[in-house]
Structure formats: C-alpha cells, structure tokens
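To start, the structure itself, in structure tokens.
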Amino acid sequence: MKKKRQSIHKATSHLHNPITQTPVFTNSISQLTLFIFLSLSLTPFSLSSSSSSSLPKKPPPLPILPLPSAPQLQWQLGHMAMFLHFGPNTFTDSEWGTGHVDPSAFNPTKLNATQWVKVAKDSGFSRVILTAKHHDGFCLWPTEYTNYSVSSSPWRNGGGDVVGELAMAARDAGIGLGLYLSPWDRHEPFYGNTLEYNEFYMGQMTELLTRYGEIKEVWLDGAKGKEEKDMEYFFDSWFSLIHQYQPGAVIFSDAGPDTRWVGDEAGVAGSTCWSLFNRSDAKIGDTDYQYSNGGDPFGHDWVPAECDVSIRPGWFWHSSELPKSARTLLDLYYKSAGRNCLLLLNVPPNSSGLISAEDIQVLQEFSELRRSIFSHNLAINALINASCTRGGSSHSWFNPYNVVKEGLQSYWAPEVNQSNWILYLNLQELVSFNILQVQEPIQMGQRVIEFHLEVQNEDGEWNEVINGTTIGYQRLLQFPTVKSQYLRFFIDKARADPLISYLGIYMDEFSILSNLSNTTSQAGINGSQVLHGHIESNHSQISAI
C-alpha cells in the first residue's frame, strides 16, 4: 500500500469542446484537507416535494463521441456469453477438422439444446453462440448449398437441425442467440475462387439470418491455415447483409464493426481498455494485438472488446481434458468483464450432445463465487458527498448518492469548469474489503482516463490502496484486504467531465489477493498504473501493460 501523499498536486483543466467533440484531456489530481469530511456526519441533503417542483431541472451534460449503438449497449450489459464449439471435431478428437471426415461421424444421440441453454442461463450467461459452421465446412443446419451437413448424418435420421433446436431453446429461455459462420471452409472445392465462394458464403449467411428468428450476434474471424488458398473475403458486403436482415445483431470480428477481438484467446483484456477504436487501423486476420488489447483513447469508432477463452484446454470437447477450476474462471472474470469487456467462455458439448457434468459443476461453483462476492455492495448505506455536483447541491438529479443505485441511467455528475473530481464515502462503521467496482454511464461516452482510491487508516492518515486507467462499462480492481470507515475516490484525468454510475466495494475471500498483507505494494496488481501528464497520440503509450 502506498504511503500518504506528501504534496498537493497542481491541477490544470482544459475543457472538452462540446461542439466539435474533440477529446481535449483534462488533468486534475488534487487532494483536499480533512475538513471536508465533517460534512459526512450530516444528514444527506434531500429536497422537499414543494421545493423540488419549483426548481428547473438541470439538463444532463453533452455526450462525448463516439457512443455505443443500442445493440452494442445491450451486448455490454450482458457481460458474459457462452460459446458452444460443436461438430465433427467433437467425435474425431480434433481441433481443426480437415473437411473430409465422413458426415456419418456426427451422431450425438442424446443431444439436448435445452440443457445447453439451461446451463448457460443458470450460470449467468446472457447469450449462447454456436459454431454453426467451423473451418471444416460441416454445417449444423440443413443448408441448401452443400450436402456436407447434418442432413447427410445419421443423427435424427438426417432430419436434424442443431441451429434450429438451439434457437428454439434460447427463445423459450429468454436468452440471446449468436452464430459463428467460419469464412474459412476446408471442404468446399471452390474455396479460393473469390467471387464464387463469397456468393456461397452469403447464401449460407442468408439462411441463418432468415430462418431462426432474432440473432443477437454474428461471430466471424479471419482464421486460415498458412498453406491455404489465397482469396479475398467481402467483409463489407457480409456486414451490410447482416445488418439488413438482423439490425439488432452485433457483429464480432478482429476489427468489429460492432465488437472486436481482444487480441488473445486467454480471456484477458488490457488493464487499460478503451471501447474507443479506429476500425481503419485494423484488418481482419492481421490486426495489431496490442492495439486490439487496449483500444484507442483517440478512436473514432465505438468497438468494445470481447474476450474469448475455453473452459477446457481445447475449443472442442476431448475426453482426456478437464475444465478449469471455478477460481480460475473468477480470475478470468476480473480480467475480462472486470476490464470493460464481455467474457465469452467456451463450454463445448460432448460427443453425446450434452454439456459434461464436470463442466456444469465448475460453472455452478463459478456462479456461486460471483454471487458470494458481488451480491451486496458494502457501500450501500454509506454517507456520500462529492467535491461538487452538477447544478449545485440543491439539485438531486446528479446527486452523488446515485453511485450506489443499480443501472446506467442514474449517475453522479460534477459541476462544469472544475479541477477536482472526488467522491467521499463514510461507511458509518469499519468495513473490510478488497474489491473496487466502478462503472461509467457509457451511453454518455467513455470518459475516465485515470483514477485512484484512498482509505483513512486508524491514525487518521490517508493511503492509496489502488489506482487504475480506464473504467468504461465496468472496472473491477483487486487489492490486499483493507479495513476502513472513510474512503476517497479520485478521478485524476478524464476526456471530459467524468460521470460515475456505480461505485461498489466488496470482500473476496476466495482469490489469492485476499490473503496478502495490506502493506503489499500495488505495482503489479491488476496491471494498473498511472499515466502521468497528457497522453500523446501514440498507440504504443496506451497499449496493454
């Protein structure tokens, strides 16, 4: 834990231009003397109904571009999705199929898509994404464009439709459906003929988008073997087709357009992770992984990151493999959903067509860990004050007490033209905690660049316990357990006047950090650090740590 800061930092403020939406960075790191905390012992200010009705409402601040679309916002609120890798590879103990396995190999005699969906929903996943066609070209629906599909298999006597059964189960359970249609196809002989194959691909995509109701996500990538035939994918045409038939769907690829790959298959985002991104600086199949991992504070596009990782060593089910532990999944959750991303966890059905019992057990434990930690915000009953409030303290629309209310629509907003952005919390009793949760109302844009949390120790001194860069939809930070009644949350730098929709503190008794001394240095924890001074327009300075 860092010792009490010894000096008062100089604060400078260069305001964001609301007309041009040019991101002009603001630096404010200022500490106030303890007299401000006297106000925390007072009864929180509230307006009477008569006085409230007589005061004009202060409008919200202008959003700062870019902003998420409605489908992107819904995707972000889901925070976790379940990937389902399933196909001939499941039966041949393979990862990348050759495209020449006989369709008779596919015969999941106990397939139950309702079980898949129930496992996903019970474990807290908002949607399921199925490999409708993987690189081997085998289609899990009865396509009219090739015989290499479930129609040629013994499963359901050739009359089965995995996509259809999953779509019905997801609809009945009220969770979203996503589909992966691999651009690389190792079965089709005309793969490599650019025009013919793009027509074939768009024909199959049209089937998937028009037969199965609402599709929430279309997942595709640029994966392709090194010795494979060279050809061009007409991504822009594909994207237009998807948005035409499924306007509510988000499209995932290495470079968006709606959500981007985080740059690894380990499920780990950069400790600095912007939803802002320049699509023009990324190419599907050939994207700078560092750039994808951290995003771009100067980006013109809203393209948040998705963190894909498998619960098992492989993406497809293999009888010799075992799932990761629940605590490992919790650690991945902190490093994905806790870093302004969505966690896409692959849980592959086995050769009988069911999710294996050992995977279900781990997911149940993972769900219970999250429930145990995050079910109760230890700051819910705190007395809360702020360095300033938009419209003044007589206006409750942007009151600091909004930060303990669920949802993005309510938030604390500071007054304009300020150089100090601080939230003060009096927990009213000594509380032990080791997790900080912070959220921004991202419908107003991503704003915060740097922040830190301080607690008052028993000697009345203030100590910094954690600092971080970027918040976005959600930031979860771990640190060795501390015990305090008084907290100060500082926003040190932002793209515009910062807005905070939620602030929570929690106790995690399961992770490794919970056993560390509260005097441990924070330098390497969470990979967070403070970026000093104004950020230069250089991707390398914003990349993941």
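The values are calculated or read from the model by the stated rules, or taken from the named source; none is laboratory data. Treat the numbers as computed from the prediction; the structure is a model and nothing was measured. So basically every Cβ, Gly included, is an ideal-geometry build from the backbone, and we count neighbours across all protein chains shown. All accessible areas refer to the heavy atoms of the entire protein, side chains included, with ligands and DNA or RNA removed. Shrake-Rupley method; radii C 1.70, N 1.55, O 1.52, S 1.80 Å.
Of all residues in the range 181-199, those that are touching a residue at least 60 places away in the same chain (Cβ under 8 Å) and under 19 Å from residue 239 (Cα atoms) total 1.
Here is a yes/no grid of residues against (1) under 16 Å from residue 498 (Cα atoms); (2) within 21 Å of the chain's Cα centre (by Cα):
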{"residue": "382", "(1), (2)": "no, no"}
{"residue": "396", "(1), (2)": "no, no"}
{"residue": "399", "(1), (2)": "yes, no"}
{"residue": "407", "(1), (2)": "no, yes"}
{"residue": "422", "(1), (2)": "yes, no"}
{"residue": "425", "(1), (2)": "no, no"}
{"residue": "446", "(1), (2)": "yes, yes"}
{"residue": "454", "(1), (2)": "no, no"}
{"residue": "458", "(1), (2)": "no, no"}
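Determine, yes or no, whether residue 339 is open to solvent by 10 Å² or more (accessible area, probe 1.4 Å), touching a Phe, Trp or Tyr at 6+ places or on another chain (Cβ under 9 Å), more than 30 Å from residue 150 (Cα to Cα) and touching a residue at least 60 places away in the same chain (Cβ under 8 Å). Spelling it out, it is not the case that residue 339 is open to solvent by 10 Å² or more (accessible area, probe 1.4 Å), touching a Phe, Trp or Tyr at 6+ places or on another chain (Cβ under 9 Å), more than 30 Å from residue 150 (Cα to Cα) and touching a residue at least 60 places away in the same chain (Cβ under 8 Å).
Note on the range 308-331: among residues that are among the small types (Gly, Ala, Ser) and in a loop (DSSP other than H, G, I, E, B), the one that is least open to solvent (accessible area, probe 1.4 Å) is 314.
How many residues does the range 192-235 hold that are closer than 19 Å to residue 141 by Cβ and either open to solvent by 20 Å² or more (accessible area, probe 1.4 Å) or in a loop (DSSP other than H, G, I, E, B) (or both)? Looking only at that region, the number is 11.
Inclusion of residue 370 among residues that are under 24 Å from residue 487 (Cβ atoms), at pLDDT 95 or above and in contact with a Cys (Cβ under 6 Å, 6 or more places away or on another chain) is not warranted. Within the range 140-171, the set of residues being part of a loop (DSSP other than H, G, I, E, B) and among the acidic types (Asp, Glu) comprises 144, 161.
Name the residue that is surrounded by the most Cβ atoms within 10 Å (Cβ to Cβ), counting only residues in the range 342-352 that are part of a loop (DSSP other than H, G, I, E, B) and in contact with a strand residue (DSSP E or B) (Cβ under 8 Å, 6 or more places away or on another chain).
At the first step, the residues of the range 342-352 found to be part of a loop (DSSP other than H, G, I, E, B) are 347-352.
If we keep only those that are in contact with a strand residue (DSSP E or B) (Cβ under 8 Å, 6 or more places away or on another chain) too, we end up with 347-349.
On the way: 347: 25, 348: 25, 349: 27.
Here the answer is 349.
Among the residues of the range 143-162, those identified as more than 23 Å from residue 190 (Cα to Cα) and either open to solvent by less than 10 Å² (accessible area, probe 1.4 Å) or free of Cβ contacts under 8 Å to residues at least 40 places away in the same chain (or both) are 155, 156, 157, 158, 159, 160, 161, 162.
Please verify whether the range 401-415 includes one or more residues that are assigned to a loop (DSSP other than H, G, I, E, B), farther than 22 Å from residue 72 by Cα and among the hydroxyl-bearing types (Ser, Thr, Tyr). Scanning the range 401-415, I find no residue that is assigned to a loop (DSSP other than H, G, I, E, B), farther than 22 Å from residue 72 by Cα and among the hydroxyl-bearing types (Ser, Thr, Tyr), so the answer is no.
Beta carbons closer than 9 Å, at least 6 apart along the sequence or on distinct chains, pair a first residue in the range 254-274 that is surrounded by 24 or more Cβ atoms within 10 Å (Cβ to Cβ) and of a type in the set (Lys, Arg) with a second that is modelled with pLDDT of 95 or more and part of a loop (DSSP other than H, G, I, E, B) for 260/295; 260/303; 260/304. Going by what's in this entry, would residue 490 be described as within 22 Å of residue 442 (Cβ to Cβ), touching a strand residue (DSSP E or B) at 6+ places or on another chain (Cβ under 8 Å) and assigned to a strand (DSSP E or B)? Yes: the conditions hold for residue 490.
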